[in-house]
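Below is one structure, written out as structure tokens, with a few remarks after it.
The values are calculated or read from the model by the stated rules, or taken from the named source; none is laboratory data. This one's a predicted model, so the numbers in the text were calculated from it and none came from an experiment. Because the Cβ atoms are built from the backbone with ideal geometry, glycine has one as well, and the counts that use them run over all protein chains shown. Remember, those area values only see protein heavy atoms, side chains included, never the ligands or the DNA or RNA. Shrake-Rupley method; radii C 1.70, N 1.55, O 1.52, S 1.80 Å.
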Amino acid sequence: MSSSRTSTVFTVAAVTVLGGLVAYAVYFDYKRRNDVEFRKKLRKEKKKVTKQTQQAQAQADAASEVSAAEIKAALLKIREEELPPTPDEKETYFIMQVQVGEQLAQKGPAFYLPAAMAFFRAMRVYPSPVELIMMLQSSLPPPLFKIFMEFVNAETTSRIEGYYDHFPPKRMNVSVQTGPAQGNQAAKKILVAEKDFEEGDVIYTEKPLVVALDADLEGEGKHCSFCFRPIQEDLAVIPTHDKLDSVYCSKDCENRAKLGWQNLLFGLEPVLPAELDNGMGALTTEQRHVAQSEYTEFIQTKAKQANLLAARFVAKQIAHELIKLLPNKTGPIIEELQQLADGKDPYLVGDHIERLRFVEGNSTKEEVKLLGAVLGTALPGLEESITDERHAVIVGKMAYNAIGVCPDGGRDNRPVSSDRPEELERTRTPYGTARQIGSGVYIVSSYLAHSCDPNTRPTFPNGTNELHLVAARPIKKGDELTMAWVDVSQHEGESAGMARRRRRIELARGWRFKCECAKCVREAMDELEQEQNAAHDAALGVSGDESKVEAVMRHEKLPGQGMGPD
């Protein structure tokens, strides 16, 4: 589904305003769209027409001689090359590679492979790859363009198919595999153990990509809004500007939240780093204040937690793109990317989210309009990065994959929602959503399938939202890992059948699926067998053991006992 491919939405070229106005963060794209001399030079480079008569057949033959192995080897070589870090250096690099490609192309078919490599290098730093591809298609000889597109396709295929070679990180002792097909449904991705574990072993630890503290706790000053750690009275770190009145347990948590999402959505500090902002951020402070106030009111009165998680995901995705503009890529955002892929060719946050399953998201036009205003006043052009359809998908992914954070089994004082049962917001937690203090989206743990008899359980032993996945029983290498998305215990006064129906209703309302795990199937068969036995007994005309003894015998004294019952 194209709308769900969010990894390509927040490219540098996307941070622009319609009508030719450009987000000042995107320096190179700004020059491309507004610098007349630059555009003339670029067009001149693309409008050269190659000879198409005497060399046509030779060109076709040359193209066919480039094997898949040669493309793969050349692509590996290009990947090892370091890309220029700054916008100015990228511009220079782009023009140089285009010139090299043109010069090699003029030498004839024998040089088409290195020419295609040069054009491919240029595309790696160009803000709008699709636009460049269209320009090259109209200006390059068809055989050369064909080789160039083989590079593009090979890179795309490698990035898609190679994703699970990098993710999850090997240090987590798990892998994502394709599970068995279920009926007419496509096979799902599942999480599999890569080593043996004993009961009680910690399989892995994972920090959330985005989080949201429960609304009744946000602003109370008792829990860190970033890591959820309890905060002692008068020890909270309070930001200068924050519409949600968030507090933090440390300056580190405050900084991580600010860089990840909080400043863009609810703060007033410049969004761009100082070396790129040049004082421009201060010009929109008042507009940001107004837009954030309206959006904050919506979040506090109309939105569910999944909507706030979605907004924070959008903000984090923007933060990941903006970090590309910095020459020195260090700090919490880079650390996060590297941890997700063992530091090897890290994928961006959109690459991870787009692979997750989702249900229809509860998103409105009002929400998209208000969020767009927050983004646009912070950095002109960002409002174009979200649409009604795309944001609904993101909200749906947050709702489907969020895990409830319940340190020490959760709490008992969460306010009871006035929503109807079928409209209640649910998160994955074996303790029940009513016991959580907040929720988060954990990329690796999102692949944990539900089971009413799970072999793992999520714990939060540090009192924070760092998830520790613990083996609930011995696990062998190759076993699928599962967790309970709902409370699967049998409550007091419940029969096994009643407990099964309760949890199946919860799963159907929250995640739109009918549980057919081994426990549910076994209990259903036991219940069916009991019903069949009862029906069979009724057909026989008996309800139990109807034999009896004479009344006088009921008072007979047995050896070593008193008198029998009346």
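Per residue, the stretch 185-266 exposes 49 Å² of accessible surface when a 1.4 Å probe is rolled over the protein heavy atoms with every protein chain present.
When the Cα positions of Leu264, Ile299, Gln287 are compared along the charge dipole of the stretch 235-319, Ile299 comes out farthest toward the positive end, with charges on each C-beta of Lys, Arg, Asp and Glu.
Of the solvent-accessible surface of the stretch 362-413, computed with a 1.4 Å probe over protein heavy atoms with every protein chain present, carbon and sulfur atoms account for 50 percent.
If you place +1 on the Cβ of every Lys and Arg, -1 on the Cβ of every Asp and Glu, and leave all else neutral, what size is the dipole of the stretch 234-364 about its Cα centre, to the nearest 20 Debye?
Details: 14 positive and 19 negative charges, 60 e Å.
Around 280 debye, computed over the stretch 234-364.
The charge dipole of the stretch 314-432, taken about the Cα centre with unit charges on the Cβ atoms of Lys, Arg (+1) and Asp, Glu (-1), comes to about 180 debye, rounded to the nearest 20. Name the shape class, rounded, prolate or oblate, that the alpha-carbon gyration tensor gives for the stretch 166-283, where a ≥ b ≥ c are the square roots of its eigenvalues, rounded holds for a/c under 1.5, and otherwise prolate holds if a/b is larger than b/c and oblate otherwise. Judged from the Cα gyration tensor, the stretch 166-283 comes out prolate (a/c at least 1.5, a/b above b/c). The order of the peptides 165-172, 447-454 by mean Cβ neighbours within 10 Å, most packed first, is 447-454, 165-172. Classification of the stretch 395-460 by its C-alpha gyration tensor yields an oblate form. The axis ratio a/c (a ≥ b ≥ c) is 1.5 or more, and b/c is at least a/b. Does the stretch 329-441 classify as rounded, prolate or oblate by the C-alpha gyration tensor (a ≥ b ≥ c root eigenvalues; a/c under 1.5 gives rounded; else a/b over b/c gives prolate, otherwise oblate)? Oblate. Applied to the stretch 145-156, the Karplus parametrisation 6.51 cos²θ - 1.76 cosθ + 1.60 on θ = phi - 60° returns per-residue 3J(HN,Hα) values of 4, 4, 5, 4, 5, 5, 5, 4, 5, 5, 5, 5 Hz, with x for Gly and Pro. Between Arg411 and Ala282, the modelled labels are 4.0 nm apart [label points 7 Å from Cα along Cα→Cβ].
Per residue, how many Å² of accessible area does the stretch 348-416 show with a 1.4 Å probe? Mind showing how you got there, number by number?
Values: 2640 Å² over 69 residues.
Here the residues of the stretch 348-416 average 38 Å² of exposed surface.
Separation of the stretch 190-256 from the stretch 354-390 is 24 Å, based on Cα centroids. Can you find, among Leu356, Val405, Thr377, the residue farthest towards the positive end of the dipole of the stretch 334-409? Put +1 on the C-beta of Lys and Arg, -1 on that of Asp and Glu. The residue sitting most towards the positive pole is Leu356. Report the calculated FRET efficiency for His241 and Lys324 (r = Cβ-Cβ distance, R0 = 30 Å), to the nearest 0.05. The calculated FRET efficiency here is 0.70. Close amide H contacts of Tyr204 (hydrogens built in the peptide plane, cut-off under 5 Å, sequence separation of 5 or more or a different chain): Leu469.
Annotation: Arg457 carries an accessible surface of approximately 100 Å², with a 1.4 Å probe and no ligand, DNA or RNA atoms counted.
Each Lys and Arg contributes +1 and each Asp and Glu -1, all at the Cβ; summed about the Cα centre of the stretch 113-188, the dipole is approximately 240 debye. With all protein chains in place and ligands, DNA and RNA left out, the 1.4 Å accessible area ranks Arg522, Arg502, Arg121, Arg79 as Arg522, Arg79, Arg502, Arg121, largest first. Compared with the alpha-carbon gap, the fully stretched path from Tyr164 to Val290 is longer by 41.1 nm at 0.36 nm per residue. Ranking Ile147, Ile231, Pro127 by how far each Cα lies toward the positive end of the dipole of the stretch 114-240 (charges on Cβ) leaves Ile147 at the top.
Working from label points 7 Å from Cα in the Cα-to-Cβ sense, the Met149 to Asp419 distance is 4.7 nm.
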